[in-house]
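Beneath this line is the structure, given in structure tokens, with notes to follow.
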Amino acid sequence: MHVVLETLADRFESVSWEDSHGQDVARVPAEDWLQFATAAKKAGFEVCSDVTAVDWLRARPQRYEVVASLVSMEHRARLRMITTLGREDPTIASLTSLWSGAGFAEREVYDMFGIVFDGHQDLTRILMPDDWEGHPLRKDFGVGMVPVQFKASHQVD
Amino acid sequence: MTDQKTEETAETLDIWVAGTEEPQFQPTDEGTQEFGPEESEYRLADQFGRVVTDDYVFDDEVEEDERTVINMGPQHPSTHGVLRLQLELEGEVIRRTKPIIGYLHTGMEKTAEQLTFSQGPTNVTRMDYLAPMHGELAYSLAVERLLDVEVPPRAAAIRVLMSELNRISSHLVALATNGMDIGALSMMIYGFREREAILAFFEKNTGLRMNHNFIRPGGTAADLVPGWKDDVAAILEELPRRLTEYDDLLRANPIWMARTQGVGVITPDEAVAYSITGPALRASGVDWDLRKAFPYSGIEQYEFDVPLGENGDVYDRYRVRVEEIHESLKIVEQVMDTMPKGDYRIGDRKITPPPRARIDESMEALIHHFKLFTEGFKVPPGETYVAVESPRGELGCYLVSDGEARPYRMHTRAPSFYNLQGLPIAMADSLVADTVATIASMDPVMGDVDR
């Protein structure tokens with residue numbers, strides 16, 4: 001574990017720590033998500049380099065995992081914080097109040113997984129069309145099940 | 001003299017001014033007509049164009065409804081693909097910008113879940129099509145970290161050679177399109193011409209000019225062809241001289257300087273807050289390069305500097321790219337001189353296919369080959385995130401495996417996607433004419449943004 005993280009580990013007892021192939025991973029409960037992120041930013045993690053999600057469908061009791069990668073330029077350290085969300089109404093606090101750069105990433109996760117980020121200023125679809133139904137990266141969104149889009153386009157001038 | 005004459009003409013001619021009350025026509029002599037009683041001399045003078053009014057006066061406070069929203073793209077030639085921008089203008093000044101993306105979204109992260117780990121590089125190489133080697137490298141490194149294997153030194157060196165050459169070719173395109181957008185058309189032709197030498201080298205070694213699928217989990221697809229050192233030496237000899245020439249050409253051009261300096265400024269704080277990486281971050285003066293911070297593929301054994309800008313404007317981003325090409329050439333030269341001998345992939349036949357000749361001789365080799373290309377190799381459960389410094393910034397690959405031969409989830413942290421967030425900051429309160437210069441300096445690749 002990196003030295004910077006030790007103070008963080010002392011402060012949050014609810015967070016469990018892992019060493020995933022040499023990388024520091026913090027498993028954060030969903031209710032401590034924003035609080036832990038605030039403390040991490042204070043500890044020197046000034047960049048939120050990525051926010052993404054994993055859909056475990058029925059493989060795990062908690063269906064969704066939200067993954068945020070943080071970088072500390074000052075200490076040359078990386079930290080990955082992971083939380084889990086249930087299948088009903090997945091909602092998590094937005095990190096945009098801490099890192100503006102998380103804005104696009106959280107919109108992408110909302111678009112692809114339907115996870116709602118509480119406190120995000122502009123939580124709209126980003127990659128899919130605005131009227132798209134469903135969230136494509138969910139595991140129950142099958143490949144080849146989507147009707148062909150824009151198939152009437154040849155009739156339009 | 002003339003005024004008198006006109007007044008006389010107005011009196012004598014049949015003129016009725018629109019918008020006034022219709023004059024009561026008196027039965028007069030044929031061909032004469034009188035003006036209405038309220039017709040003043042001023043209005044007459046206005047009609048005849050003798051009064052000049054200045055229309056070009058703006059109030060200091062512009063009302064909300066005087067703002068214009070214009071749409072730029074997704075088919076605009078200067079938006080580097082299908083980037084669409086909504087610009088909110090006040091006169092000619094941009095107040096707000098909203099990038100709208102997704103026009104090139106092809107669901108590559110979903111596709112990656114359908115492909116085996118050995119098929120994966122064919123998918124990721126198509127994301128950032130100007131830097132395909134970096135996409136393959138990030139993916140392969142992530143798979144190797146999950147497998148806990150280390151590639152031989154020669155494979156690592158080939159990867160560094162290829163990815164640094166790819167950085168040069170990508171930056172050359174960035175310089176070329178930046179020049180083209182501002183109107184320096186010769187730069188466009190020069191940039192693409194120099195890139196051709198590197199693409200020819202790629203074609204000779206990988207078989208393809210783009211989308212190589214050359215860097216694969218476990219090493220590379222093939223060894224470098226005999227005589228590759230001569231090709232690299234030719235690039236090393238020719239490129240620096242020509243690049244300096246183009247650089248001098250542009251910097252001696254007052255129009256180029258005026259259109260790039262002080263335009264599209266991003267401060268270091270803004271760059272960090274908006275997760276901007278790569279040359280756009282370093283142009284703002286932040287010393288952050290993943291090749292130095294978290295070295296990968298043995299790049300720490302080569303000497304190079306990280307060029308930094310000062311002002312974070314379009315000019316600095318251009319300068320940083322030119323300097324980075326020179327630094328990458330240094331790395332390429334060192335790799336060429338110190339290329340280790342050995343195998344170009346790991347010897348584990350569960351991960352890399354056996355040599356072609358062995359298949360005819362060995363039953364085991366045949367089985368390995370068959371298993372590898374039908375069901376692929378299985379990767380132990382786990383998750384990892386590996387990032388490399390692509391020409392556009394931090395290109396990361398978040399890979400989750402559940403123990404099968406296909407990734408459970410593959411996510412790419414696309415640098416262009418995050419760098420686009422800096423566009424509204426860079427373009428706020430700048431002129432419409434500077435829009436294309438700013439977009440070009442951020443160097444977004446829409447295949448990378450939309451995936």
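Of the trypsin sites (Lys or Arg not before Pro) found in the stretch B:312-343, the ones in coil according to DSSP and having at most 15 other Cβ atoms within 10 Å of their Cβ are B:Lys341.
Among the chymotrypsin sites (Phe, Trp or Tyr not before Pro) found in the stretch A:42-80, not one is both in a DSSP coil and sparsely packed, with 16 or fewer other Cβ atoms within 10 Å of its Cβ.
Centre-to-centre, using Cα atoms only, the stretch A:37-68 and the stretch B:288-322 are separated by 28 Å. Residues whose amide H lies under 5 Å from that of B:Arg216, counting only those 5 or more places away or on a different chain, are B:Ala221; hydrogens are built 1.01 Å from N in the peptide plane. Multiplying the residue separation of B:Phe373 and B:Asp269 by 0.36 nm and subtracting their alpha-carbon distance yields 32.6 nm. Figure legend: label point modelled 7 angstrom from the Cα of B:Val432 along Cα→Cβ; residues of the stretch B:81-105 with amide N under 12 Å from it are B:87-95. On full extension, the segment bounded by A:His2 and A:Gln62 gains 18.7 nm, given 0.36 nm per residue less the C-alpha separation.
Using the Cβ-Cβ distance between B:Asp348 and A:Arg76 with R0 set to 25 Å, the FRET efficiency from 1/(1 + (r/R0)^6) comes to roughly 0.20. Here the label points at B:Ile100 and B:Leu199, each 7 Å from Cα along the C-beta direction, are separated by 3.2 nm in the simple model.
Going from the fewest other Cβ atoms within 10 Å to the most, the residues B:Ser140, A:Ser16, B:Ser430 appear in the order A:Ser16, B:Ser430, B:Ser140. In this rough spin-label picture, where each label sits 7 Å from Cα along the Cβ direction, the B:Leu185-A:Ser14 distance is 6.4 nm. Across the options B:Ala293, B:Met257, B:Gly342, the greatest Cα extent toward the positive end of the charge dipole of the stretch B:108-450 (unit charges at beta carbon of Lys, Arg, Asp, Glu) belongs to B:Gly342.
Taking 56 Å as R0, compute the FRET efficiency from the Cβ-Cβ separation of A:Glu31 and B:Ala258 and round it to 0.05. The value I calculate is 0.55. A helix-only calculation puts the protein assembly as shown at -12000 deg cm²/dmol for mean residue ellipticity at 222 nm, using -39500 (n - 2.57) for each DSSP H run of at least four residues, averaged over all residues. Cβ crowding within 10 Å, taken as a proxy for footprinting-reagent exposure, orders B:Arg259, B:Arg167, B:Arg96, A:Arg60 from fewest neighbours to most as A:Arg60, B:Arg96, B:Arg259, B:Arg167. Annotation: amide H-H contacts under 5 Å for B:Gly285 (H modelled 1.01 Å from N, sequence separation of 5 or more, or interchain): B:Gly309. Sparsely packed loop sites in the stretch A:78-113 (the trypsin sites (Lys or Arg not before Pro) outside DSSP H, G, I, E and B with at most 13 other Cβ atoms within 10 Å) comprise A:Arg87. What the phi angles of the stretch B:200-214 give under the Karplus curve with 6.51, -1.76 and 1.60, with θ = phi - 60°, is a coupling list of 5, 5, 4, 5, 5, 8, 10, x, 9, 7, 9, 6, 5, 6, 9 Hz, glycine and proline written as x. Site pair B:Ala222 and B:Glu66 shows an inter-label distance of 6.6 nm when each label is modelled 7 Å from Cα along Cα→Cβ.
None of the figures in this text is laboratory data; all of them are computed from the coordinates on show. A quick note: this is a predicted structure, and the numbers were derived from the prediction, not measured. Neighbour counts are summed over all protein chains in view; Cβ atoms, including those assigned to glycine, are modelled from backbone coordinates with ideal geometry.
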